[in-house]
1. Could you check how many residues of the range 114-152 are surrounded by fewer than 16 Cβ atoms within 10 Å (Cβ to Cβ), under 17 Å from the mean Cα position of the chain (by Cα) and closer than 30 Å to D52 by Cβ?
2. Restricting attention to the range 163-173, which residues are assigned to a helix (DSSP H, G or I) and either among the charged types (D, E, K, R) or modelled with pLDDT of 85 or more (or both)?
3. For the range 179-217: of the residues being over 15 Å from L129 (Cα atoms) and crowded, with 17+ Cβ neighbours inside 10 Å, which is modelled with the lowest pLDDT?
4. Report whether or not A63 is closer than 27 Å to P207 by Cα, in contact (Cβ under 8 Å) with a residue 12 or more places away in the chain and assigned to a helix (DSSP H, G or I).
5. Here is a list: L17, L13. Which entry is at pLDDT 55 or above, of a type outside the set (G, A, S), crowded, with 21+ Cβ neighbours inside 10 Å and not in a loop (DSSP other than H, G, I, E, B)?
6. Just the residues that are assigned to a helix (DSSP H, G or I) and more than 20 Å from the chain's Cα centre (by Cα), please, taken from the range 104-113.
7. Taking the options A72, A54, A63, A59, name whichever one is surrounded by fewer than 18 Cβ atoms within 10 Å (Cβ to Cβ), at pLDDT 90 or above and over 14 Å from the mean Cα position of the chain (by Cα).
8. Would you check if M159 is modelled with pLDDT under 90, over 15 Å from the mean Cα position of the chain (by Cα), closer than 26 Å to G37 by Cα and surrounded by 19 or more Cβ atoms within 10 Å (Cβ to Cβ)?
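The values are calculated or read from the model by the stated rules, or taken from the named source; none is laboratory data. Every value quoted in this text rests on a predicted model; they were computed, and no experiment measured them. Quick reminder, even Gly has a Cβ in these numbers, built from the backbone with ideal geometry, and neighbours come from all protein chains shown.
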Amino acid sequence: MKHISRSLLGVSLALLLTSPAFAQGRGGRGGFGGGLGMLLGNAGVQQELKLDAAQIDKAKELAEKVGEKMTAARSELEGLEQEERRAKMMEINRETNEMVLKSIGEFMKPEQVTRLKQISVQMRGAMALEDPEVAKKLALTDAQKSEIQSIIQDSMAEMRSIFQDNQDDPEARMKKMTEFRKQTLAKVEAKLNDEQQKTWKELLGSPYEVKFERRGN
């Protein structure tokens, strides 16, 4: 971990800003955090969506396919500067999510798809507001987009410090990153007006905590 490359560190920081719990589990294989394909492969999410046996089989198959695609895509991040890397990650995630949405529309009910999207927004936290679809639904102004992007960029820098200063204490790192993620989200939410706040709550849906298997299990 101490010799982690700059590219992998950047990816890790983005994942941890998305969800610190991600770092301790295997549920996010290749998913870059909050990706629909990653969530489909999670047993708890499958239960939350009330998928039947046939749907679960299809969800697992799709999640595996997405995992392989995303793992292969990681090579595209090597050698990129931080902002380029983050933009590329968002592009890859967006393209993959579009593919997943098209596929799940064939075997999932509309309400199940809606709930999956809500869980994804919750997982991504502040970074969800950089999603073009989310930004469009919130009717974010150019000024708001710029302010939100600035907050997230500053957060990435602070996250890097937390990550590096607590490499030998995973428990402390997890606690600090969880709290920092909440603070970052609060800063972003403060940029929304009343109507946008209402829409944001609808996009989030009822709270759900995604749990991942611990490594080695």
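1. Adding up the residues that qualify gives 2.
2. D165, E171, A172, R173
3. F212
4. Spelling it out, A63 is indeed closer than 27 Å to P207 by Cα, in contact (Cβ under 8 Å) with a residue 12 or more places away in the chain and assigned to a helix (DSSP H, G or I).
5. Of L17, L13, the one residue that is at pLDDT 55 or above, of a type outside the set (G, A, S), crowded, with 21+ Cβ neighbours inside 10 Å and not in a loop (DSSP other than H, G, I, E, B) is L17.
6. Hits for the range 104-113 are P110, E111.
7. A54
8. Spelling it out, M159 is indeed modelled with pLDDT under 90, over 15 Å from the mean Cα position of the chain (by Cα), closer than 26 Å to G37 by Cα and surrounded by 19 or more Cβ atoms within 10 Å (Cβ to Cβ).
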